[in-house]
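These notes are about the structure you will find just below.
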Amino acid sequence: MKHLLLSLFLLVLLAATATRVNAQWEIVLEDKTRSDLNAVFFVDKESGWVVGDGGIIQTTRSSGAAWFPQNSGVKLSLNDVYFRDHNEGWLIAAGGRILQSADGGDSWRELYRVPPAAGANQQEEPELYSLAFPTRKLGWVVGTEGRILHTGDGGLSWTEQQSGTREELVHVRFVGDKRGWIVGGGGTILFTDDGGRTWEKQQSGSTGHLYHIEVRGKEKAWAVGDDGVILRTTDAGVSWQSIPSSAKQTLLNVAFADDKLGWVIGWKGTILRTGDGGATWVEQVSGTKVNLYGLAVRKDGFFNRQTQAWVVGADGMVLRYRTR
């Protein structure tokens with residue numbers, strides 16, 4: 001009898017645990033415009049921003065419990081957002097524009113625009129997609145036609161670096177002021193160890209688009225892309241390993257809370273989770289079928305650390321995950 005009661009108790013406990021796992025992702029915002037949200041960034045566990053098509057910016061100071069609109073000053077698609085602190089922020093906007101805020105996103109000014117080619121129409125304008133600021137002064141932005149822009153003065157001026165490719169470059173990530181990676185079209189992975197003075201191509205083993213790269217420390221990195229591709233390196237990209245998963249959809253973003261815990265997101269509500277540093281991935285229930293584009297992950301606290309993750313996507317969707 002005791003064994004039966006214990007077995008029943010364990011079954012109930014397992015069912016409850018499974019329910020909590022599936023319910024960990026919750027919808028915290030559906031923007032009333034139903035426009036796509038493309039990127040999300042949190043400067044701490046409470047303060048964050050989401051950006052999207054039509055110049056949409058929403059900000060929270062309560063870990064996503066409440067959201068408030070801000071005015072970007074443009075009606076263009078916003079591709080990326082980054083805040084150094086609660087005041088200094090950066091946006092990448094359609095048409096090759098870089099915008100900066102000094103007041104927490106309440107107002108924005110255009111600092112740079114890639115000059116369009118003579119006679120080019122709007123569809124032929126150059127585009128920028130991603131930015132990285134590893135220090136207050138040093139920053140990089142990437143985009144179409146193999147374009148890499150670099151600033152050494154905190155964004156006041158921008159110059160081009162030689163990428164050695166004409167492929168579309170989608171995402172840039174730096175570790176410190178010297179070592180960085182870029183991923184993009186045709187399975188492109190570019191690597192620098194000298195602050196972008198030279199970029200070398202690494203062998204990804206993929207020919208599809210790669211959309212995002214995440215880096216932990218100086219050696220470990222993960223990249224995701226078309227057809228469920230997940231790549232991992234543990235030697236700074238000397239070799240890249242393809243990691244199998246159940247996902248067949250295009251994967252658009254990857255982020256880690258620490259060396260073990262991470263997520264990947266993509267089309268049709270796809271969310272994958274790893275607890276072993278990306279060696280294996282399991283699918284989580286997102287509660288939505290919309291395409292998911294942006295992902296931000298934080299692990300805060302000292303004694304009682306809490307992991308929080310935010311996902312944004314089509315139809316103005318914002319999802320949140322947090323450990324209790």
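The values are calculated or read from the model by the stated rules, or taken from the named source; none is laboratory data. Nothing here was measured: the structure is a model prediction, and the numbers come from that model. Note that each Cβ is placed from the backbone with ideal geometry, even for glycine, and that neighbours are counted across all protein chains shown. What goes into the accessible areas is simple: the full protein's heavy atoms, side chains included, and nothing from ligands, DNA or RNA. Shrake-Rupley method; radii C 1.70, N 1.55, O 1.52, S 1.80 Å.
Within segment 185-222, the residues that satisfy the criterion of being in contact with a His (Cβ under 7 Å, 6 or more places away or on another chain) and closer than 22 Å to Leu251 by Cα are Gly185, Tyr211, His212, Ile213. Tell me, which residue of segment 186-197 that is open to solvent by 10 Å² or more (accessible area, probe 1.4 Å) and within 21 Å of the chain's Cα centre (by Cα) is farthest from Gly225 (Cα to Cα)? My answer is Phe191.
If you go through segment 30-41 one residue at a time, do you hit one that is at pLDDT 95 or above, open to solvent by 10 Å² or more (accessible area, probe 1.4 Å) and closer than 13 Å to Gly104 by Cβ? The answer is yes, given that some residue of segment 30-41 is at pLDDT 95 or above, open to solvent by 10 Å² or more (accessible area, probe 1.4 Å) and closer than 13 Å to Gly104 by Cβ.
Please specify each residue of segment 139-178 satisfying the condition of being open to solvent by less than 40 Å² (accessible area, probe 1.4 Å) and touching a His at 6+ places or on another chain (Cβ under 9 Å). Within segment 139-178, Gly139, Trp140, Val141, Val142, Trp158, Gln161, Val170, His171 meet the criteria.
Table: residues versus (1) more than 19 Å from the chain's Cα centre (by Cα); (2) more than 27 Å from Glu125 (Cβ to Cβ); (3) charged (D, E, K, R).
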{"residue": "Leu169", "(1), (2), (3)": "no, no, no"}
{"residue": "Gly184", "(1), (2), (3)": "no, no, no"}
{"residue": "Gln202", "(1), (2), (3)": "yes, yes, no"}
{"residue": "Tyr211", "(1), (2), (3)": "no, no, no"}
{"residue": "Val215", "(1), (2), (3)": "no, yes, no"}
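Pairs linking a residue in segment 46-75 that is at positive phi and touching a residue at least 12 places away in the same chain (Cβ under 8 Å) to a residue that is hydroxyl-bearing (Ser, Thr, Tyr) and open to solvent by less than 10 Å² (accessible area, probe 1.4 Å), with Cβ atoms under 6 Å and 6 or more positions apart or on different chains, are Gly55/Ser72.
Gly73: modelled with pLDDT of 95 or more and within 17 Å of the chain's Cα centre (by Cα), yes or no?
Against the criterion (modelled with pLDDT of 95 or more and within 17 Å of the chain's Cα centre (by Cα)), Gly73 does not qualify.
Go through the residues of segment 259-277 one by one and say whether even a single one is open to solvent by less than 70 Å² (accessible area, probe 1.4 Å), in contact (Cβ under 8 Å) with a residue 40 or more places away in the chain and among the polar types (S, T, N, Q). No, there is no match, as no residue in segment 259-277 is open to solvent by less than 70 Å² (accessible area, probe 1.4 Å), in contact (Cβ under 8 Å) with a residue 40 or more places away in the chain and among the polar types (S, T, N, Q).
When segment 217-244 is examined, which residues are found to be surrounded by fewer than 20 Cβ atoms within 10 Å (Cβ to Cβ) and either at pLDDT below 95 or among the polar types (S, T, N, Q) (or both)? Within segment 217-244, Gly217, Lys218, Thr234, Ser239, Gln241, Ser242, Pro244 meet the criteria. The lone criterion from (1) closer than 23 Å to Leu319 by Cβ; (2) open to solvent by 30 Å² or more (accessible area, probe 1.4 Å); (3) polar (S, T, N, Q) left unmet by Thr207 is number (1). Six or more apart or on different chains, Cβ atoms under 9 Å: show the pairs whose first residue is in segment 227-254 and closer than 26 Å to Asp194 by Cβ and whose second is open to solvent by less than 30 Å² (accessible area, probe 1.4 Å) and of a type in the set (Asp, Glu). Cβ pairs passing all conditions: Val254/Glu214.
Entry remark, segment 278-311: residues being open to solvent by 50 Å² or more (accessible area, probe 1.4 Å) and part of a strand (DSSP E or B) number 6 in total.
In segment 30-137, counting only strands (runs of 3 or more DSSP E) that sit wholly within it, the ones holding 2 or more residues that are under 18 Å from His171 (Cα atoms) span 37-42, 48-52, 78-83, 89-93, 97-101, 128-132.
Can you confirm whether segment 268-276 contains a residue that is of a type in the set (Lys, Arg), modelled with pLDDT of 95 or more and on the phi < 0 side of the Ramachandran plot? Within segment 268-276, one or more residues are of a type in the set (Lys, Arg), modelled with pLDDT of 95 or more and on the phi < 0 side of the Ramachandran plot. When Val285 is tested against (1) farther than 30 Å from Thr59 by Cβ; (2) more than 19 Å from the chain's Cα centre (by Cα), just one condition goes unmet, and that condition is (1).
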